[in-house]
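The values are calculated or read from the model by the stated rules, or taken from the named source; none is laboratory data. The shown structure was predicted, so the numbers you read here are calculated from the model rather than taken from an experiment. Note: ideal-geometry Cβ built from the backbone for every residue, glycine included; neighbour counts use all protein chains shown.
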């Protein structure tokens, strides 16, 4: 039986938009630090009125909530893909959840699951991929992986920083992470809307044909 992903997709899009807002705000904090050359914000700076610790806490909480809701949405779409074309799914339904938590493997396993879901969700699941058909998926995934890698580099750089120059370098890496994460959030929103729409149209078409 098919499961309706529309409501979950609206929640995912709203949460991703919230993450995008925090990416912009945190990037402004980093820019302010780089411009002022000091790790503290003054009241005259563009972001001086922000409580930075609260901002980081809220951003992290939203990131976790977004991840949970996204995975629930992703699992639901994988279920539907199994109804339409189970033999086109290289991995079982559990990988739609577990794949995100496999060290190193989470850099490509969820993307492969998403590609299989995409193929099953189009009107012709067994047709070959069209030119550029997976460009949106690949673009989102590339941006997400880069944002994760740059965030890891920034975290290590901050832990090892023992000078002002090292702190500035770490801040640049963190700014790069926020920038690529913002790009990933925009592409993820487009991906979620597109894939949900594909499944909705296909489900609607099947119901009409059955009647």
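Before moving on, here are some points about what is shown:
- Qualifying residue in segment 189-211 (condition: assigned to a loop (DSSP other than H, G, I, E, B) and more than 26 Å from residue 10 (Cα to Cα)): yes
- Some residue of segment 27-38 being outside any helix (DSSP H, G or I) and at pLDDT below 95: yes
- Yes/no for residue 122 being touching a residue at least 60 places away in the same chain (Cβ under 8 Å) and over 28 Å from residue 35 (Cβ atoms): yes
- Filtered by the rule that a residue be surrounded by fewer than 11 Cβ atoms within 10 Å (Cβ to Cβ) and closer than 15 Å to residue 187 by Cβ, segment 123-134 gives a lone residue, 132.
- The criterion of being closer than 30 Å to residue 174 by Cα, more than 22 Å from the chain's Cα centre (by Cα) and either loosely packed, with under 11 Cβ neighbours inside 10 Å or at pLDDT below 95 (or both) holds for residue 46.
- Hits in segment 12-36 - residues which are within 19 Å of residue 188 (Cα to Cα), surrounded by fewer than 16 Cβ atoms within 10 Å (Cβ to Cβ) and in contact (Cβ under 8 Å) with a residue 40 or more places away in the chain: 17, 24
- Residue match in segment 134-157 (condition: at pLDDT below 95 and over 20 Å from the mean Cα position of the chain (by Cα)): no
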